Amino acid sequence: MALRVLGGKWRGSIMYQLKDGPLRFNHLKIRVQDAVVDYDDADNILSNKLLSLHLSELCDFGLISKTSYDSHAEYGLTPKGQSSIPILLDLFDRGATHF
């Protein structure tokens, strides 16, 4: 179940980018793309639609929350999401070390 929730190309990076505090949609998108995307491969660009889908799913899993303001919305980790960060960091470290 954990890999289904946290796995994939984008979800781990989305959560990692939120570890230091809430971000607006566009700021989050830029940070996630800069961390993951090879800009020479146009098929790997994170679209607004795909980011929205992942954010919605992560909200449904209770890992992130969305706070709406008059002019924008911010996404941040819930306590459940914050508790998942050490697991993500371990996965990132193992991936860098072994693959």
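Derivation of every value follows stated rules applied to the coordinates shown; laboratory data play no part. Note that the structure is predicted; figures quoted are calculated from it, not measured. All Cβ positions, even for glycine, are placed from backbone atoms using ideal geometry, and neighbour counts span all protein chains on display.
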Order of S13, S68 - criterion: other Cβ atoms within 10 Å of each residue's Cβ, fewest first
S68, S13
Between [x] 0.96; [y] 1.07; [z] 0.99, which entry matches Rg/Rh (Cα atoms, Kirkwood Rh) as derived from the coordinates of this structure?
[x]
